[in-house]
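The values are calculated or read from the model by the stated rules, or taken from the named source; none is laboratory data. Remember, predicted model here, so these are calculated numbers, not experimental data. Here the Cβ is made from the backbone with ideal geometry for all residues, glycine too, and neighbour counts use every protein chain on show. Accessible surface is based on the protein model in full, side chains and every heavy atom, while ligands, DNA and RNA are left aside. Shrake-Rupley method; radii C 1.70, N 1.55, O 1.52, S 1.80 Å.
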Amino acid sequence: MNWILEAESKRDVFLDKLIEFLKIPSVLDESTATEGAPFGKSINDALQFMLNFGKSDGFTVKNLSGYAGHIEYGNGEEIVGILSHIDVVPATEGWTTPPFSPDIRSGKLYARGATDDKGPTMAAYFALKIIKELKLPVSKRIRLIMGTDEETQWRCMEHYLSHEEMPSVGFTPDAEFPIITAEKGFLDVQFAKDWSTDSVEDSQWILESFQSGKRVNMVPEYATAIISGAGDVFELKEAYQEFLMTKRLEGYAEEADDHVKLVLHGRAHHGSEPEKGLSAALELTRFLITLPLDSHGHQYVQMINECFVDSIFGEKLDMVTEDDIVGKLTVNVGVYRYERQKEQFVRVNIRYPIHADGNQLGEKLDEKLAVYGFKPLYTDNKPGHSFDNDHPLVKTLARVYEEQTGLPSRSLAVAGATYARALKNCVAYGPIFPGKVETAHQTDEYIEVDDLIRAIGIYAQAIYELAK
(Lines give C-alpha, C1' and ligand atoms only; values in the text may rest on other atoms or scores of the structure.)
Protein backbone atom coordinates (compact mmCIF):
# COMPACT_ATOMS: atom_id res chain seq x y z
CA MET A 1 0.00 0.00 0.00
CA ASN A 2 1.40 3.38 -1.02
CA TRP A 3 -0.09 5.52 1.72
CA ILE A 4 1.54 8.74 0.61
CA LEU A 5 0.18 8.29 -2.91
CA GLU A 6 -3.31 7.85 -1.46
CA ALA A 7 -2.85 11.01 0.58
CA GLU A 8 -1.53 12.93 -2.41
CA SER A 9 -4.60 12.02 -4.44
CA LYS A 10 -6.71 13.96 -1.94
CA ARG A 11 -4.56 17.08 -1.81
CA ASP A 12 -6.99 19.46 -3.49
CA VAL A 13 -10.14 18.46 -1.60
CA PHE A 14 -8.15 18.30 1.63
CA LEU A 15 -6.90 21.87 1.23
CA ASP A 16 -10.36 23.13 0.27
CA LYS A 17 -11.93 21.66 3.41
CA LEU A 18 -9.04 22.70 5.66
CA ILE A 19 -9.14 26.29 4.46
CA GLU A 20 -12.89 26.38 5.09
CA PHE A 21 -12.27 24.95 8.57
CA LEU A 22 -9.51 27.44 9.38
CA LYS A 23 -11.75 30.38 8.50
CA ILE A 24 -13.85 29.67 11.60
CA PRO A 25 -12.34 31.75 14.48
CA SER A 26 -12.75 29.01 17.08
CA VAL A 27 -11.44 30.97 20.07
CA LEU A 28 -13.03 30.59 23.50
CA ASP A 29 -15.80 33.18 23.88
CA GLU A 30 -17.94 32.52 26.92
CA SER A 31 -19.96 35.67 26.20
CA THR A 32 -21.65 33.73 23.38
CA ALA A 33 -21.90 30.45 25.31
CA THR A 34 -25.30 28.75 25.32
CA GLU A 35 -26.68 25.33 26.11
CA GLY A 36 -25.04 23.01 23.59
CA ALA A 37 -22.27 25.55 22.94
CA PRO A 38 -20.49 25.89 26.32
CA PHE A 39 -17.41 27.61 24.91
CA GLY A 40 -19.06 30.01 22.52
CA LYS A 41 -20.55 30.17 19.05
CA SER A 42 -17.37 29.99 16.97
CA ILE A 43 -16.01 26.91 18.69
CA ASN A 44 -19.40 25.26 18.30
CA ASP A 45 -19.43 26.23 14.61
CA ALA A 46 -16.05 24.51 14.15
CA LEU A 47 -17.25 21.36 15.92
CA GLN A 48 -20.42 21.25 13.84
CA PHE A 49 -18.37 21.77 10.69
CA MET A 50 -16.34 18.63 11.35
CA LEU A 51 -19.31 16.55 12.48
CA ASN A 52 -21.34 17.55 9.43
CA PHE A 53 -18.38 16.72 7.20
CA GLY A 54 -18.08 13.31 8.82
CA LYS A 55 -21.79 12.63 8.50
CA SER A 56 -21.76 13.56 4.81
CA ASP A 57 -18.98 11.03 4.25
CA GLY A 58 -21.00 8.27 5.89
CA PHE A 59 -19.27 8.10 9.26
CA THR A 60 -21.07 7.73 12.56
CA VAL A 61 -20.88 11.02 14.43
CA LYS A 62 -21.79 12.16 17.93
CA ASN A 63 -21.99 15.56 19.60
CA LEU A 64 -21.62 15.54 23.38
CA SER A 65 -23.52 18.72 24.26
CA GLY A 66 -20.95 20.88 22.49
CA TYR A 67 -18.14 19.86 24.87
CA ALA A 68 -16.65 17.43 22.39
CA GLY A 69 -17.60 15.19 19.51
CA HIS A 70 -16.38 12.16 17.65
CA ILE A 71 -16.36 10.70 14.16
CA GLU A 72 -16.36 6.88 14.20
CA TYR A 73 -15.67 4.07 11.77
CA GLY A 74 -15.61 0.29 12.14
CA ASN A 75 -16.85 -2.27 14.62
CA GLY A 76 -15.40 -4.10 17.58
CA GLU A 77 -15.18 -4.00 21.34
CA GLU A 78 -11.99 -1.94 21.51
CA ILE A 79 -11.53 1.65 20.38
CA VAL A 80 -8.53 3.27 18.73
CA GLY A 81 -8.68 6.95 19.61
CA ILE A 82 -7.20 9.87 17.70
CA LEU A 83 -7.49 12.81 20.08
CA SER A 84 -7.42 16.28 18.58
CA HIS A 85 -8.85 19.70 19.37
CA ILE A 86 -10.63 22.30 17.27
CA ASP A 87 -10.24 25.32 19.56
CA VAL A 88 -7.35 27.72 19.00
CA VAL A 89 -5.61 30.43 20.99
CA PRO A 90 -6.42 34.08 20.20
CA ALA A 91 -4.55 35.65 17.31
CA THR A 92 -1.73 37.98 18.25
CA GLU A 93 -1.21 41.23 16.36
CA GLY A 94 1.16 41.82 13.47
CA TRP A 95 0.12 39.02 11.09
CA THR A 96 1.21 39.39 7.48
CA THR A 97 -2.25 38.22 6.39
CA PRO A 98 -5.36 37.98 8.60
CA PRO A 99 -5.11 34.95 10.93
CA PHE A 100 -8.53 33.60 9.97
CA SER A 101 -8.09 34.20 6.24
CA PRO A 102 -5.87 31.21 5.37
CA ASP A 103 -3.18 31.96 2.84
CA ILE A 104 -0.76 29.65 1.06
CA ARG A 105 2.61 31.27 0.32
CA SER A 106 5.67 29.39 -0.93
CA GLY A 107 4.10 26.06 -0.02
CA LYS A 108 3.23 27.14 3.52
CA LEU A 109 -0.31 27.44 4.85
CA TYR A 110 -0.62 30.47 7.15
CA ALA A 111 -3.55 30.65 9.59
CA ARG A 112 -4.27 30.45 13.29
CA GLY A 113 -4.71 26.72 13.91
CA ALA A 114 -2.76 25.57 10.85
CA THR A 115 -0.36 23.75 13.16
CA ASP A 116 -2.28 23.70 16.44
CA ASP A 117 -4.51 21.80 15.91
CA LYS A 118 -6.91 22.21 13.00
CA GLY A 119 -4.43 21.23 10.31
CA PRO A 120 -3.53 17.96 12.05
CA THR A 121 -7.21 17.32 12.91
CA MET A 122 -8.15 17.52 9.25
CA ALA A 123 -5.14 15.38 8.33
CA ALA A 124 -6.29 12.70 10.77
CA TYR A 125 -9.82 12.90 9.35
CA PHE A 126 -8.56 12.33 5.80
CA ALA A 127 -6.45 9.43 7.05
CA LEU A 128 -9.62 7.84 8.41
CA LYS A 129 -11.39 8.68 5.15
CA ILE A 130 -8.73 6.76 3.19
CA ILE A 131 -9.25 3.65 5.35
CA LYS A 132 -13.01 3.83 4.87
CA GLU A 133 -12.93 4.42 1.12
CA LEU A 134 -10.46 1.57 0.57
CA LYS A 135 -12.65 -0.66 2.76
CA LEU A 136 -9.62 -1.89 4.67
CA PRO A 137 -10.46 -4.58 7.23
CA VAL A 138 -10.37 -3.38 10.84
CA SER A 139 -11.33 -5.23 14.02
CA LYS A 140 -11.71 -2.20 16.26
CA ARG A 141 -13.74 0.98 16.26
CA ILE A 142 -11.76 4.03 15.25
CA ARG A 143 -12.73 7.37 16.75
CA LEU A 144 -11.49 10.80 15.84
CA ILE A 145 -12.28 12.55 19.13
CA MET A 146 -12.40 16.34 18.94
CA GLY A 147 -12.09 18.47 22.05
CA THR A 148 -13.17 22.10 22.26
CA ASP A 149 -11.38 23.46 25.35
CA GLU A 150 -7.83 22.14 25.06
CA GLU A 151 -6.27 25.59 25.03
CA THR A 152 -7.81 26.57 28.36
CA GLN A 153 -9.04 24.12 31.00
CA TRP A 154 -9.65 20.74 29.27
CA ARG A 155 -13.29 20.78 30.38
CA CYS A 156 -14.07 19.14 27.05
CA MET A 157 -12.02 16.01 27.70
CA GLU A 158 -13.25 15.73 31.27
CA HIS A 159 -16.83 15.76 29.96
CA TYR A 160 -16.09 13.36 27.12
CA LEU A 161 -14.35 10.70 29.19
CA SER A 162 -17.06 10.85 31.86
CA HIS A 163 -19.73 10.06 29.25
CA GLU A 164 -17.97 7.79 26.75
CA GLU A 165 -15.82 4.68 26.69
CA MET A 166 -12.11 5.28 27.04
CA PRO A 167 -10.11 4.16 23.99
CA SER A 168 -7.78 1.27 24.69
CA VAL A 169 -4.99 2.84 22.65
CA GLY A 170 -4.41 5.94 20.60
CA PHE A 171 -2.40 9.02 19.70
CA THR A 172 -2.83 12.77 19.44
CA PRO A 173 -1.62 14.62 16.32
CA ASP A 174 -0.65 17.67 18.36
CA ALA A 175 3.13 17.73 18.75
CA GLU A 176 6.06 16.43 16.73
CA PHE A 177 7.35 13.44 14.81
CA PRO A 178 8.76 10.87 15.34
CA ILE A 179 7.02 10.19 18.72
CA ILE A 180 6.53 12.10 21.96
CA THR A 181 6.77 9.70 24.89
CA ALA A 182 7.30 12.20 27.71
CA GLU A 183 5.62 15.48 28.59
CA LYS A 184 6.27 17.88 31.45
CA GLY A 185 3.84 18.34 34.29
CA PHE A 186 1.45 21.27 33.89
CA LEU A 187 0.51 23.63 36.74
CA ASP A 188 -1.89 26.48 35.96
CA VAL A 189 -2.80 28.84 38.80
CA GLN A 190 -4.94 31.98 38.70
CA PHE A 191 -4.23 34.55 41.43
CA ALA A 192 -6.19 37.62 42.49
CA LYS A 193 -6.01 40.24 45.19
CA ASP A 194 -8.93 42.06 46.78
CA TRP A 195 -8.91 45.83 46.82
CA SER A 196 -8.44 47.51 50.18
CA THR A 197 -8.97 51.21 50.84
CA ASP A 198 -7.75 53.10 47.78
CA SER A 199 -5.72 55.86 49.36
CA VAL A 200 -3.35 57.73 47.07
CA GLU A 201 -0.31 58.93 48.94
CA ASP A 202 2.01 61.69 47.94
CA SER A 203 3.23 59.87 44.83
CA GLN A 204 4.08 61.35 41.48
CA TRP A 205 2.36 58.64 39.45
CA ILE A 206 -0.71 56.43 39.81
CA LEU A 207 -0.94 53.12 37.97
CA GLU A 208 -4.45 53.18 36.53
CA SER A 209 -4.19 49.92 34.58
CA PHE A 210 -1.79 47.26 33.39
CA GLN A 211 -2.86 44.80 30.69
CA SER A 212 -0.96 42.01 29.00
CA GLY A 213 -1.57 38.54 27.62
CA LYS A 214 -4.57 36.59 26.37
CA ARG A 215 -3.92 32.98 27.41
CA VAL A 216 -1.81 31.34 30.09
CA ASN A 217 -0.10 29.14 27.51
CA MET A 218 1.16 32.08 25.43
CA VAL A 219 4.09 34.42 26.05
CA PRO A 220 2.47 37.90 26.06
CA GLU A 221 3.38 39.83 22.94
CA TYR A 222 1.99 43.23 23.99
CA ALA A 223 1.73 45.08 27.28
CA THR A 224 0.16 48.43 28.11
CA ALA A 225 0.21 50.58 31.23
CA ILE A 226 -1.96 53.63 31.85
CA ILE A 227 -0.40 56.15 34.25
CA SER A 228 -1.87 59.33 35.67
CA GLY A 229 -0.64 61.81 38.27
CA ALA A 230 1.19 65.04 38.87
CA GLY A 231 4.61 63.99 37.65
CA ASP A 232 6.47 65.57 34.76
CA VAL A 233 5.09 63.95 31.60
CA PHE A 234 8.04 65.02 29.46
CA GLU A 235 10.51 63.42 31.87
CA LEU A 236 8.41 60.24 31.99
CA LYS A 237 8.29 59.91 28.21
CA GLU A 238 11.98 60.70 27.88
CA ALA A 239 12.90 58.10 30.53
CA TYR A 240 10.77 55.49 28.80
CA GLN A 241 12.35 56.14 25.40
CA GLU A 242 15.80 55.85 26.95
CA PHE A 243 14.76 52.57 28.58
CA LEU A 244 13.52 51.19 25.25
CA MET A 245 16.70 52.22 23.45
CA THR A 246 18.98 50.82 26.16
CA LYS A 247 17.14 47.49 26.24
CA ARG A 248 16.69 47.46 22.46
CA LEU A 249 12.95 47.04 22.81
CA GLU A 250 10.07 48.22 20.64
CA GLY A 251 7.39 50.43 22.17
CA TYR A 252 6.15 53.97 22.63
CA ALA A 253 4.61 56.46 25.05
CA GLU A 254 1.37 58.17 24.15
CA GLU A 255 0.17 61.27 25.97
CA ALA A 256 -3.53 62.03 26.55
CA ASP A 257 -5.35 64.75 28.49
CA ASP A 258 -5.30 62.97 31.84
CA HIS A 259 -2.86 60.10 31.47
CA VAL A 260 0.12 58.61 29.69
CA LYS A 261 -0.11 55.26 27.92
CA LEU A 262 3.02 53.11 27.78
CA VAL A 263 3.10 50.33 25.20
CA LEU A 264 5.73 47.63 24.78
CA HIS A 265 6.02 44.97 22.07
CA GLY A 266 7.53 41.60 22.91
CA ARG A 267 7.65 38.34 20.97
CA ALA A 268 4.89 35.74 21.22
CA HIS A 269 5.72 32.08 21.69
CA HIS A 270 4.14 28.97 23.11
CA GLY A 271 4.01 29.26 26.90
CA SER A 272 5.70 25.87 27.29
CA GLU A 273 8.93 27.46 26.05
CA PRO A 274 8.95 30.97 27.51
CA GLU A 275 12.70 31.27 27.04
CA LYS A 276 12.10 31.39 23.25
CA GLY A 277 9.70 34.33 23.48
CA LEU A 278 9.97 37.80 24.95
CA SER A 279 7.32 38.69 27.50
CA ALA A 280 6.18 42.26 26.91
CA ALA A 281 4.72 42.32 30.43
CA LEU A 282 7.95 41.40 32.17
CA GLU A 283 9.92 43.93 30.14
CA LEU A 284 7.46 46.74 30.84
CA THR A 285 7.51 46.10 34.58
CA ARG A 286 11.29 46.52 34.53
CA PHE A 287 10.56 50.15 33.72
CA LEU A 288 7.53 50.60 35.95
CA ILE A 289 9.42 49.47 39.05
CA THR A 290 11.70 52.51 38.64
CA LEU A 291 8.79 54.96 38.95
CA PRO A 292 7.40 56.49 42.16
CA LEU A 293 3.99 54.78 41.89
CA ASP A 294 1.06 54.71 44.30
CA SER A 295 1.18 51.89 46.87
CA HIS A 296 -1.23 49.55 45.07
CA GLY A 297 0.44 50.00 41.71
CA HIS A 298 3.89 49.69 43.20
CA GLN A 299 3.06 46.46 45.02
CA TYR A 300 1.58 44.88 41.88
CA VAL A 301 4.66 45.77 39.84
CA GLN A 302 6.92 44.74 42.73
CA MET A 303 5.27 41.31 42.89
CA ILE A 304 5.92 40.75 39.18
CA ASN A 305 9.54 41.90 39.44
CA GLU A 306 10.38 39.98 42.60
CA CYS A 307 8.71 36.73 41.52
CA PHE A 308 8.81 36.53 37.72
CA VAL A 309 11.23 38.94 36.04
CA ASP A 310 14.45 37.02 35.22
CA SER A 311 12.82 33.92 36.65
CA ILE A 312 11.87 31.87 33.59
CA PHE A 313 13.34 28.77 35.21
CA GLY A 314 11.87 29.48 38.65
CA GLU A 315 14.94 31.18 40.08
CA LYS A 316 13.04 33.74 42.17
CA LEU A 317 10.43 31.19 43.24
CA ASP A 318 13.04 28.74 44.61
CA MET A 319 11.79 26.16 42.12
CA VAL A 320 14.84 25.51 39.97
CA THR A 321 14.81 21.82 39.06
CA GLU A 322 15.30 19.59 36.04
CA ASP A 323 15.64 15.99 34.96
CA ASP A 324 17.26 14.18 32.05
CA ILE A 325 13.89 13.27 30.52
CA VAL A 326 12.09 16.58 29.90
CA GLY A 327 14.64 19.13 31.12
CA LYS A 328 14.15 22.27 33.18
CA LEU A 329 11.11 23.60 34.99
CA THR A 330 9.80 26.76 33.30
CA VAL A 331 7.50 29.58 34.42
CA ASN A 332 5.24 31.66 32.19
CA VAL A 333 2.84 34.32 33.40
CA GLY A 334 0.45 34.43 30.48
CA VAL A 335 -2.21 36.89 31.63
CA TYR A 336 -1.93 40.14 33.64
CA ARG A 337 -4.85 42.38 34.59
CA TYR A 338 -4.70 45.43 36.84
CA GLU A 339 -7.51 47.99 36.99
CA ARG A 340 -7.34 50.51 39.79
CA GLN A 341 -10.13 49.97 42.33
CA LYS A 342 -11.39 46.97 40.32
CA GLU A 343 -9.02 44.01 39.91
CA GLN A 344 -5.50 42.74 40.47
CA PHE A 345 -4.90 39.46 38.71
CA VAL A 346 -2.19 37.18 37.24
CA ARG A 347 -2.35 33.72 35.74
CA VAL A 348 0.75 31.57 36.05
CA ASN A 349 1.73 28.42 34.17
CA ILE A 350 4.56 26.18 35.37
CA ARG A 351 5.84 23.23 33.30
CA TYR A 352 7.75 20.88 35.58
CA PRO A 353 9.92 17.74 35.27
CA ILE A 354 8.49 14.24 35.59
CA HIS A 355 9.96 13.68 39.06
CA ALA A 356 8.61 16.93 40.54
CA ASP A 357 5.47 17.15 42.68
CA GLY A 358 2.99 19.60 41.20
CA ASN A 359 1.08 19.94 44.45
CA GLN A 360 4.21 20.95 46.34
CA LEU A 361 5.13 23.44 43.63
CA GLY A 362 1.64 24.91 43.85
CA GLU A 363 1.93 25.32 47.60
CA LYS A 364 5.28 27.08 47.22
CA LEU A 365 3.86 29.41 44.58
CA ASP A 366 0.89 30.21 46.82
CA GLU A 367 3.25 31.11 49.68
CA LYS A 368 5.37 33.37 47.48
CA LEU A 369 2.44 35.40 46.17
CA ALA A 370 0.68 35.49 49.55
CA VAL A 371 3.42 37.90 50.67
CA TYR A 372 1.89 40.43 48.26
CA GLY A 373 -1.69 39.67 49.24
CA PHE A 374 -2.53 37.40 46.29
CA LYS A 375 -4.62 34.26 46.74
CA PRO A 376 -5.21 31.36 44.32
CA LEU A 377 -8.69 31.35 42.79
CA TYR A 378 -8.19 28.41 40.45
CA THR A 379 -5.58 25.66 40.26
CA ASP A 380 -5.16 22.98 37.59
CA ASN A 381 -2.40 20.42 38.08
CA LYS A 382 -1.72 17.79 35.41
CA PRO A 383 1.16 15.49 36.39
CA GLY A 384 3.85 14.68 33.85
CA HIS A 385 3.36 11.93 31.30
CA SER A 386 6.02 9.34 30.54
CA PHE A 387 5.64 6.28 28.33
CA ASP A 388 7.65 3.06 27.99
CA ASN A 389 9.56 2.90 24.69
CA ASP A 390 9.06 -0.88 24.57
CA HIS A 391 5.28 -0.57 24.58
CA PRO A 392 3.62 -2.08 21.47
CA LEU A 393 2.00 1.29 20.69
CA VAL A 394 5.36 3.05 20.53
CA LYS A 395 6.91 0.24 18.49
CA THR A 396 4.04 0.31 15.98
CA LEU A 397 4.13 4.07 15.51
CA ALA A 398 7.92 4.04 15.25
CA ARG A 399 7.82 1.36 12.56
CA VAL A 400 5.20 3.27 10.56
CA TYR A 401 7.24 6.46 10.75
CA GLU A 402 10.41 4.69 9.62
CA GLU A 403 8.68 2.90 6.75
CA GLN A 404 7.14 6.09 5.40
CA THR A 405 10.06 8.47 5.87
CA GLY A 406 13.08 6.21 5.60
CA LEU A 407 14.41 7.91 8.73
CA PRO A 408 15.17 6.36 12.11
CA SER A 409 12.54 6.94 14.76
CA ARG A 410 13.37 8.16 18.23
CA SER A 411 11.38 9.07 21.28
CA LEU A 412 11.15 12.74 22.20
CA ALA A 413 10.18 14.73 25.28
CA VAL A 414 8.31 18.04 25.17
CA ALA A 415 7.22 20.79 27.50
CA GLY A 416 3.76 20.94 25.95
CA ALA A 417 0.71 19.33 27.51
CA THR A 418 -1.25 17.23 25.02
CA TYR A 419 -4.27 14.97 25.25
CA ALA A 420 -1.88 12.01 25.41
CA ARG A 421 -1.97 12.23 29.21
CA ALA A 422 -5.77 11.88 29.17
CA LEU A 423 -5.57 8.18 28.23
CA LYS A 424 -3.67 5.26 29.70
CA ASN A 425 -2.12 4.17 26.40
CA CYS A 426 -1.59 7.27 24.29
CA VAL A 427 1.30 9.29 22.89
CA ALA A 428 1.68 12.43 20.78
CA TYR A 429 2.53 11.77 17.13
CA GLY A 430 3.28 14.60 14.70
CA PRO A 431 2.59 16.78 12.80
CA ILE A 432 5.91 18.71 12.93
CA PHE A 433 8.73 16.84 11.22
CA PRO A 434 12.34 16.92 12.47
CA GLY A 435 14.17 20.07 11.49
CA LYS A 436 11.00 22.03 10.74
CA VAL A 437 10.03 25.22 12.56
CA GLU A 438 7.23 24.89 15.11
CA THR A 439 5.01 28.01 15.09
CA ALA A 440 2.07 27.15 17.36
CA HIS A 441 0.70 30.17 19.30
CA GLN A 442 2.91 32.54 17.33
CA THR A 443 2.24 35.38 14.92
CA ASP A 444 2.10 34.05 11.33
CA GLU A 445 1.53 30.47 12.48
CA TYR A 446 2.03 28.14 9.52
CA ILE A 447 2.66 24.59 8.41
CA GLU A 448 4.07 23.32 5.15
CA VAL A 449 1.37 21.83 2.94
CA ASP A 450 3.60 18.94 1.83
CA ASP A 451 4.15 18.04 5.48
CA LEU A 452 0.41 17.83 6.09
CA ILE A 453 0.04 15.52 3.09
CA ARG A 454 2.85 13.33 4.43
CA ALA A 455 1.12 13.33 7.82
CA ILE A 456 -2.12 12.07 6.24
CA GLY A 457 -0.25 9.06 4.87
CA ILE A 458 1.52 8.35 8.15
CA TYR A 459 -1.68 8.72 10.17
CA ALA A 460 -3.61 6.47 7.79
CA GLN A 461 -1.10 3.64 8.08
CA ALA A 462 -0.75 4.11 11.83
CA ILE A 463 -4.51 4.02 12.39
CA TYR A 464 -4.84 0.94 10.24
CA GLU A 465 -1.99 -0.88 11.97
CA LEU A 466 -3.54 -0.15 15.38
CA ALA A 467 -7.04 -1.14 14.32
CA LYS A 468 -6.59 -4.11 11.97
Helix-only mean residue ellipticity at 222 nm for the chain, each DSSP H run of n ≥ 4 adding -39500 (n - 2.57), per residue, nearest 500: -9500 deg cm²/dmol
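Give me the extension gain from Gln211 to Ser386: residue separation times 0.36 nm, minus the current Cα-Cα distance, reported in nm with one decimal. Present the calculation step by step, with values, prior to reporting the outcome.
Working: separation 175, 0.36 × 175 = 63.00 nm, distance 3.66 nm.
Stretched fully, the Gln211-Ser386 segment lengthens by 59.3 nm.
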field: Angle between the chain longest axis and helix 233-247 axis [Cα atoms, degrees, rounded to 10]
entry: 40 degrees
message: Please state the shape class of segment 258-364: rounded when a/c is under 1.5, otherwise prolate if a/b exceeds b/c and oblate if not, all from the C-alpha gyration tensor.
response: prolate
statement: Which of (1) 1.10; (2) 1.04; (3) 0.98 gives Cα Rg over 2.2 N^0.38 Å as computed here? It is (2)
message: Cut-off 12 Å, label point 7 angstrom out along Cα-to-Cβ of Glu238: give me the residues of segment 203-232 whose amide nitrogen falls inside.
response: 232
- request: Kindly express, to the nearest 10 degrees and within the range 0 to 90, the angle between helix 392-405's C-alpha long axis and the longest C-alpha principal axis of the chain.
  value: 80 degrees
task: Let me know the shape class of segment 1-148, please: from the alpha-carbon gyration tensor, a ≥ b ≥ c as square roots of the eigenvalues, rounded when a/c is under 1.5, otherwise prolate if a/b is greater than b/c, or oblate.
output: oblate
message: 7 Å from Cα along Cα→Cβ at both Glu30 and Glu275: what's the point-to-point distance in nm?
response: 3.4 nm
task: Mind checking which lysines have their Cα closer than 26 Å to the Cα of Lys62? Skip sequence neighbours fewer than 8 apart in that chain.
output: Lys10, Lys17, Lys23, Lys41, Lys118, Lys129, Lys132, Lys135, Lys140, Lys424, Lys468
- request: Mind checking which lysines have their Cα closer than 18 Å to the Cα of Lys247? Skip sequence neighbours fewer than 8 apart in that chain.
  value: Lys237, Lys276
- line: For segment 295-383, the per residue accessible area (1.4 Å probe, Å²) is 44 Å²
task: Using 0.36 nm per residue of separation minus the Cα-Cα distance, give me the extension gain between Glu255 and Leu377 in nm, one decimal.
output: 40.4 nm
- line: Probe 1.4 Å, heavy atoms of protein chains only: per residue, the accessible area of segment 236-276 in Å² is 59 Å²
field: Full-extension gain in nm, Asp357 to Glu158, via 0.36 nm per residue minus C-alpha separation
entry: 69.4 nm
message: Can you give me the % of accessible surface on the chain that is carbon or sulfur? Probe 1.4 Å, all protein chains present, nothing else counted.
response: 46 percent
